[in-house]
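The values are calculated or read from the model by the stated rules, or taken from the named source; none is laboratory data. Here the structure is a predicted model, which is why all the values come from computation and not from measurement. Cβ: placed from backbone, ideal geometry, glycine included. Neighbour counts: every protein chain shown. Remember, those area values only see protein heavy atoms, side chains included, never the ligands or the DNA or RNA. Shrake-Rupley method; radii C 1.70, N 1.55, O 1.52, S 1.80 Å.
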Amino acid sequence: MSDEIGNRFNENRDDQKGFSEEKQKKTEKIAAEILQMSKNKLLVNMRFMDMALNQFQVFPKPDVTPFTASDGKIYIYDPEHILKAYLLDENLPVRNFLHTVLHCVFKHFFVNTLVNQKMWDLACDIAVESTINDLDLNYLNISKAKEQVQFFDLFKKKVQTITAEKIYSYFLDEKLSDDLVERLSLLFKGDDHFLWYLTEEQKKGMGLYGKVSDNKIYRVEQVVLLERWAGIAIRMQTEIEMFVKQRGIEAGLLTQNLKAVTRERYDYTEFLKKFAVRGEVMKLNPDEFDYNYYTYGLQLYENMPLIEPLEYREIKRIREFVVAIDTSGSTSGELVQTFVQKTYNILKSTESFFTKINLHIVQCDTVIQEDVKITCQEEFDAYLQTMQIHGLGGTDFRPVFEYVNVLVDSGEFVNLKGLIYFTDGCGAFPQTKPPYDTAFVFIDDSYNNYDVPSWAMKLVLQKDEI
């Protein structure tokens, strides 16, 4: 099959004085066959990707791109580019098609247009190409893969989690030279990303879609598209384990990226509000009276309202709370201080603090290392300025719960709403449910899942989310 396509292309390019319409049709036909053959090869060998491989509307568009490109909905290509790539290496069209599909599975196309586009493009290409190399499949091997692997072996020591987001963040911090970015882009490039950054009007102006629709409809379509690829990623994640066992291959980076893209995003601010309690505060409550009577009084008695607004209202605020900090080696230092600072900022925000609070910040490894009681904002400010980490030993969750239970029994807390435990996840849990709400906040950049008792809430955050 490959020899036949090669011979047909060679015959088709003999006359270089411009393509006739007939020859252009032949070129498009051969290119379409190569793409279909590439897709079939991936379908046969990677059945867990069947949905992802069949999501595109595929059509030639040489007047728009000299390569291949996709925005998650369409896949466009230059037929001549496909043929030249095939003649250079028959694995190249297969690999490049998979390259584009993985961009979509990892949702790289769904990007804020304010990002540094060169850096984001490079980060996405490195994540995808490294994932393909990690599969170590013969029909995906190409000549530049060896050089890619050599770079990756050095690079992975600096970025442990190989996802586009982590690579992009690292590149921004390192401030790579333009020359290095250009060389790496050529090494890892597998397709064109320009569609990621175009508006709907720009795409339709190129003849990629029909007439311009209402902007609201377009936004809904984008949300549906994103959810569709998210569902594909979840399905792949559940099916890939069987594939790996059957084929006896490694799929570490593919699994890692799927964990990253299917990971549920959490809002720590909203999460912390779960521990809020109700109480009355001295504050005008404009919702508790009828303005008709109010304005009527002003008219009748000249500047004297008929009724006054209530001077108190019931709102959610935090009164009693425990923050437990695992001070074992993996969650020590600056990360702990940053977490406490963020927690403080949330508590200090509008309608978070009562005038007087009862907050205990407990540091613990295998034993209780410190308990600091906070009763007002001034004490919290002072604590943050002098905070030191104690312990740095092993991890055991049980001493904190035993200690807090003693405080409850002794009357230190009147109505303890909750305890939030900041940890790396490696420790023994209590056997019984405590008489207050409990949440464990895990810090993990590797997208691991954690088991917690049925009575506890779980929040998994990355360091940059803290």
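Side notes on the structure shown:
- Accessible area (Å², 1.4 Å probe, nearest 10) - Thr163: 0 Å²
- Cut-off under 5 Å, modelled amide H: who pairs with Lys144 long-range: none
- In Å², nearest 10: area of Asp396 left accessible to a 1.4 Å probe: 30 Å²
- Under 5 Å from the amide H of Glu370 lie the amide H atoms of Gln363, each residue being 5 or more positions distant or on a separate chain, with H modelled from the backbone and absent for Pro and chain starts.
- Positive-end extreme of charge dipole, the range 158-227 - chosen from Val223, Phe194, Tyr168 (charges on Cβ): Val223
- In this structure Thr366 has an accessible area near 70 Å², from a 1.4 Å probe over the protein heavy atoms.
- Per residue accessible area of the range 127-235, 1.4 Å probe, in Å²: 56 Å²
- Surface share of carbon and sulfur [accessible, 1.4 angstrom probe, percent] for the range 399-466: 47 percent
- Computed magnitude of the charge dipole of the range 15-97 (debye, nearest 20; Cβ of K, R +1, Cβ of D, E -1): 180 debye
- Whole-percent carbon and sulfur share, accessible surface of the range 52-93, 1.4 Å: 50 percent
- Amide H to amide H, with H built 1.01 Å from N, Thr438 comes under 5 Å of Leu419, Met457, counting only residues 5 or more places away or on other chains.
- The residues of the range 361-424 expose on average 47 square angstrom of accessible surface per residue, using a 1.4 Å probe on protein heavy atoms.
- With K and R counted +1 and D and E -1, the other residues having a Cβ less than 12 Å from that of Gly190 yield a net charge of -2.
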